[in-house]
Amino acid sequence: MAGVRGRETDRRKVLDDAARKRRARKAVEALEQDNFHEDPHADLVMSKKVPKFAESNEKPTRKKKSKSAEYYKLRFRKTFAQLVEEDASFRPEPPNYMSAQVPPSKFPERHFCAVCGFPSNYTCIPCGARYCSVRCLGTHLDTRCLKWTA
Amino acid sequence: MSESSCYILDNGGYTAKVGFSNQEPKVVPNCIMKAKSERRRPFIGSQIDECRDASGLFYILPFQRGFLINWDTQKTVWDYMFSKECCPVNFSDTPLIITEPLFNFSSIQEAITEIFFEEYDCTSLLRINATDLAEYNYRKTHNNKCTVVVDSGYSFTYIVPYINGKKYRDGIRRIDVGGKVLTNHLKEVLSYRQLNVMDETYVINQAKEDSCFVSQDFMQDMAIAKKKGSENTIVKDYVLPDYTSIRRGYLRDIVKPDEDLEQQTLRLNNERFSIPELLFHPSDVGIPQMGIPEAIMHSIAACPEENTENLLENIVLYGGNVLFPGFRDRVYNEVRSLALDHFDVNVTKADNPVTYAWEGGKQIFRDPDFYSFCVTREEYEEEGKALAFERFDI
Ligand SMILES: [Zn+2]
Ligand SMILES: [Zn+2]
């Protein structure tokens with residue numbers, strides 16, 4: 001429900017600090033995603049099963065059945081979060097994965113228009129996003145601002 | 001014992017660099033892909049070259065946030081890599097060098113040791129950080145004492161100082177920006193400004209590789225990109241692949257409306273340099289971290305002061321992001337301006353930024369002490385995984 005009326009009602013609302021932080025965190029998480037989209041055809045049966053690759057040139061030195069990919073999935077199943085937690089007890093003292101992360105920059109932050117990406121001088125009052133011109137503000141109000149909830 | 005060649009696997013989160021030390025490496029996508037056009041066939045590693053229509057490609061990656069998490073996917077891709085279809089090897093008569101991320105988690109380290117000794121029948125194994133191989137490569141050609149290795153890859157950018165060939169762990173710095181963040185950000189801004197490309201990671205990643213550059217003067221380039229007409233030397237159109245006549249997109253000048261070539265294009269203007277800029281200013285997208293040059297200085301400052309001079313003189317850059325035009329010059333100029341005047345600053349871009357660590361593997365195999373770095377199958381069977389933890393400095 002875009003348009004002038006939508007805008008007028010939106011204008012009375014202001015996103016609180018917590019919601020702004022949540023939105024910012026979601027944006028950063030999206031940037032760090034490895035797979036943006038879910039497998040769109042996960043339920044399709046593969047006509048070709050993931051192929052069994054021929055053993056390399058020579059005959060195997062020991063008689064042994066190769067274990068399946070599924071076996072290793074179950075054998076080594078741990079999420080990233082579990083691994084980070086585990087590391088805190090395995091390598092409790094820095095330097096470790098957590099401590100190696102660089103701190104914030106000493107240089108001032110720069111601000112860019114959320115619409116066109118050029119340097120911006122203004123902040124949207126309802127949501128805190130940046131914009132550079134009346135035109136970009138209009139686009140921002142019509143498309144994002146309070147339109148999508150984080 | 002000594003074999004004539006070893007097998008080197010630089011197992012990156014996006015591509016694996018793989019091959020025998022006496023041959024050239026292959027760069028293999030370290031993933032399984034599925035395509036809209038051929039829904040019933042998974043493409044493993046380089047099989048993607050057989051895919052006719054790469055629109056809507058979907059990746060399944062073994063790595064998450066820079067670490068090996070999805071073992072079924074990795075096992076499938078490794079089986080492919082070690083098979084006749086890619087780069088066949090018999091580990092029972094060939095030593096293996098495999099790379100791992102810095103600070104790799106202990107259970108992942110254990111799993112790699114186990115799978116190579118027990119599943120792939122490895123006889124000699126060297127697990128090592130890719131930056132160690134890169135440092136070795138650099139030191140063999142420069143005969144220097146200290147090095148700062150900058151690895152700007154898919155998952156993150158690492159800055160690792162080495163003193164007398166040894167990693168100085170207190171100085172290691174990680175910036176959580178890599179090629180993945182850049183591609184995701186480009187997808188996001190293009191989808192908002194022009195055309196929904198959220199499901200086109202593969203194509204937009206190529207658009208990034210073909211179009212982006214590192215600005216030498218960011219505010220000036222912003223001013224140029226604001227200009228209209230021929231004064232704007234930055235704005236270009238990226239012609240998207242249609243998979244009939246165009247297999248890979250390309251950048252071209254803007255044509256006048258009357259000579260529209262009826263190709264689907266994306267207009268790229270400030271995106272061309274504000275995307276790689278995130279490596280220099282992660283805070284531009286709300287990641288509260290230093291950029292590469294500042295992080296290099298932060299890393300060097302954590303090292304013993306007597307090494308400062310030598311470290312500044314030997315900064316080497318590798319990894320896929322280093323391929324952006326202007327990357328080296330920007331790092332050099334900023335480090336130069338941050339460092340004290342009486343120090344020399346040298347920044348070297350690896351000849352081939354993608355395979356630089358792999359080439360280091362080739363060199364380390366020739367080291368007279370190579371086998372003392374490895375763990376053998378007998379040692380593993382006698383002493384178990386604990387020995388691998390002691391010997392490998394991951
Ligand atoms: Zn704007
Ligand atoms: Zn707003």
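The values are calculated or read from the model by the stated rules, or taken from the named source; none is laboratory data. For clarity, every value in this text was computed on a predicted model and none was experimentally measured. FYI the Cβ positions are ideal-geometry reconstructions off the backbone, even for glycines, and counts take in every protein chain you see. Keep in mind that these areas ignore ligands, DNA and RNA; they rest on the heavy atoms of the full protein, side chains included. Shrake-Rupley method; radii C 1.70, N 1.55, O 1.52, S 1.80 Å.
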One residue from A:PHE112, A:PHE107, A:PHE76 being more than 16 Å from ligand 1 (Cβ to nearest atom) and touching a strand residue (DSSP E or B) at 6+ places or on another chain (Cβ under 9 Å): A:PHE76
Strands (runs of 3 or more DSSP E) within segment B:102-173 that include 1 or more residues out of contact with any strand residue (DSSP E or B) (no Cβ under 6 Å at 6 or more places or on another chain): B:124-129, B:146-152
Segment A:115-136, residues that are among the hydrophobic types (A, V, I, L, M, F, W, C), more than 8 Å from ligand 1 (Cβ to nearest atom) and farther than 21 Å from A:ARG22 by Cα: A:VAL134
Which members of segment B:60-71 meet the condition of being more than 7 Å from chain A (Cβ to nearest Cβ) and either touching a Pro at 6+ places or on another chain (Cβ under 7 Å) or at pLDDT below 90 (or both)? B:GLY66, B:LEU68, B:ASN70
Can you pull out every residue in segment B:100-150 that is in contact with a Leu (Cβ under 6 Å, 6 or more places away or on another chain), within 17 Å of B:ILE315 (Cβ to Cβ) and either among the aliphatic types (A, V, I, L, M) or within 12 Å of chain A (Cβ to nearest Cβ) (or both)? B:VAL148, B:VAL150
Before we move on, is B:PRO42 without any contact (Cβ under 8 Å) to a residue 40 or more places away in the chain, within 10 Å of chain A (Cβ to nearest Cβ) and not β-branched (Val, Ile, Thr)? yes
Considering B:GLU271, B:GLU294, which residue is outside the structural domain of B:TYR168 (by TED's automatic domain parsing) and in contact (Cβ under 8 Å) with a residue 40 or more places away in the chain? B:GLU271
Within segment A:104-150, track down each residue that is within 11 Å of ligand 2 (Cβ to nearest atom), in a loop (DSSP other than H, G, I, E, B) and either touching a Phe, Trp or Tyr at 6+ places or on another chain (Cβ under 7 Å) or open to solvent by 40 Å² or more (accessible area, probe 1.4 Å) (or both). A:ALA114, A:VAL115, A:CYS124, A:ILE125, A:ARG144, A:LYS147, A:TRP148
Got at least one residue in segment B:264-272 being surrounded by 13 or more Cβ atoms within 10 Å (Cβ to Cβ) and in a helix (DSSP H, G or I)? yes
Check B:PRO95 against each of (1) out of contact with any Lys or Arg (no Cβ under 6 Å at 6 or more places or on another chain); (2) facing chain A (nearest Cβ under 9 Å); (3) under 30 Å from B:TYR162 (Cβ atoms) and name the one condition it does not meet. (2)
Scanning segment A:78-103 residue by residue, those outside any loop (DSSP other than H, G, I, E, B) and either closer than 20 Å to B:GLN64 by Cβ or in the same structural domain as A:SER133 (by the TED database) (or both) turn out to be A:PHE80, A:ALA81, A:GLN82, A:LEU83, A:VAL84, A:GLU85, A:GLU86, A:ASP87, A:ALA88, A:PHE90, A:GLN101
B:THR131 fails exactly one of the following numbered conditions: (1) open to solvent by less than 10 Å² (accessible area, probe 1.4 Å); (2) under 22 Å from B:ASP79 (Cα atoms). What is the number of that condition? (2)
Answer yes or no: is there a residue in segment B:50-59 that is among the polar types (S, T, N, Q) and either open to solvent by less than 30 Å² (accessible area, probe 1.4 Å) or within 9 Å of chain A (Cβ to nearest Cβ) (or both). no
Scanning segment B:103-113 residue by residue, those open to solvent by 10 Å² or more (accessible area, probe 1.4 Å) and touching a residue at least 24 places away in the same chain (Cβ under 8 Å) turn out to be B:SER106, B:GLU110
For B:VAL316, state whether it is of a type in the set (Val, Ile, Thr), within 25 Å of the chain's Cα centre (by Cα) and outside any helix (DSSP H, G or I). yes
Taking B:LYS17 as the residue in question, decide whether it is in the same structural domain as B:ASP93 (by TED's automatic domain parsing) and either open to solvent by 30 Å² or more (accessible area, probe 1.4 Å) or over 22 Å from the mean Cα position of the chain (by Cα) (or both). no
By residue number, the members of segment B:185-210 that are facing chain A (nearest Cβ under 9 Å), in contact (Cβ under 8 Å) with a residue 12 or more places away in the chain and touching a Leu at 6+ places or on another chain (Cβ under 8 Å) are B:HIS185, B:THR201
Residue check for B:VAL322: touching a helix residue (DSSP H, G or I) at 6+ places or on another chain (Cβ under 8 Å) and away from chain A (no Cβ under 14 Å): yes
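This table checks each residue for (1) touching a His at 6+ places or on another chain (Cβ under 7 Å); (2) within 14 Å of another protein chain (Cβ to nearest Cβ); (3) in a helix (DSSP H, G or I); (4) open to solvent by 30 Å² or more (accessible area, probe 1.4 Å).
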{"residue": "B:LEU278", "(1), (2), (3), (4)": "yes, yes, yes, no"}
{"residue": "B:ILE296", "(1), (2), (3), (4)": "no, yes, yes, no"}
{"residue": "B:GLU309", "(1), (2), (3), (4)": "no, no, yes, yes"}
{"residue": "B:LEU340", "(1), (2), (3), (4)": "no, no, no, yes"}
{"residue": "B:ASP351", "(1), (2), (3), (4)": "no, no, no, yes"}
{"residue": "B:ALA357", "(1), (2), (3), (4)": "no, no, yes, no"}
{"residue": "B:GLY360", "(1), (2), (3), (4)": "no, no, yes, no"}
Out of curiosity, is B:LYS167 in contact (Cβ under 8 Å) with a residue 40 or more places away in the chain, of a type outside the set (Val, Ile, Thr) and crowded, with 24+ Cβ neighbours inside 10 Å? no
I need the full set of residues from segment B:36-49 which are modelled with pLDDT under 90 and either over 18 Å from B:THR244 (Cβ atoms) or surrounded by 20 or more Cβ atoms within 10 Å (Cβ to Cβ) (or both), in order please. B:ARG39, B:ARG40
